[in-house]
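Undergrad: Structure below; questions to follow.
Just so you know, all these numbers are worked out from the coordinates, no wet-lab data involved. On a predicted model such as this, the values are computed, not experimentally measured, just so you know. Cβ placement follows ideal geometry from the backbone for every residue including glycine, while neighbour counts extend to all protein chains displayed.
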Amino acid sequence: MTVRPLRAKGAACRPVPPARSTIVAPDGSVYVASGDEHRVVHLGASGQRLGVLGPRLYDAYALAVAPDGTVYADDIGAELIRRISPGP
């Protein structure tokens, strides 16, 4: 699957990485478990890349977002559920 870059008004966005899992948060932002980057990528509701969360993951497979913004990643390669607290 090829994912093309999104463009927000007036700002170029980096390409969205290939996804193992994608989930939409209550605020409309999107979390992507990236197979290529081995990270959780946070995208804004309009597609802009907001950042990369937490530690490098071995093999993230599934994501969940709690009401307080905490992201949970099923890192099956490490046999762990990783809790990534919301930013500042």
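Undergrad: If I model a spin label as a point 7 Å beyond the Cα along the Cα-Cβ vector, how far apart are those points for ASP59 and ASP27 in nm?
TA: Each label point is offset 7 Å from its Cα along the Cβ direction, giving 3.2 nm.
Undergrad: When a footprinting reagent is the concern and you count Cβ atoms within 10 Å, what order do SER29, SER46 take, fewest first?
TA: Exposure proxy ranking, most exposed first: SER46, SER29.
Undergrad: Ranked by Cβ crowding within 10 angstrom, fewest neighbours first, how are LEU53, LEU43 ordered?
TA: On the way: LEU53 18, LEU43 21.
So the ranking, lowest neighbour count to highest, is LEU53, LEU43.
Undergrad: Here is a follow-up. At q = 0.22, 0.23 Å⁻¹, what log₁₀ I(q)/I(0) does region 17-84 have when each alpha carbon counts as one equal point scatterer in the Debye sum?
TA: Computed log10 I(q)/I(0) values: -0.84, -0.92.
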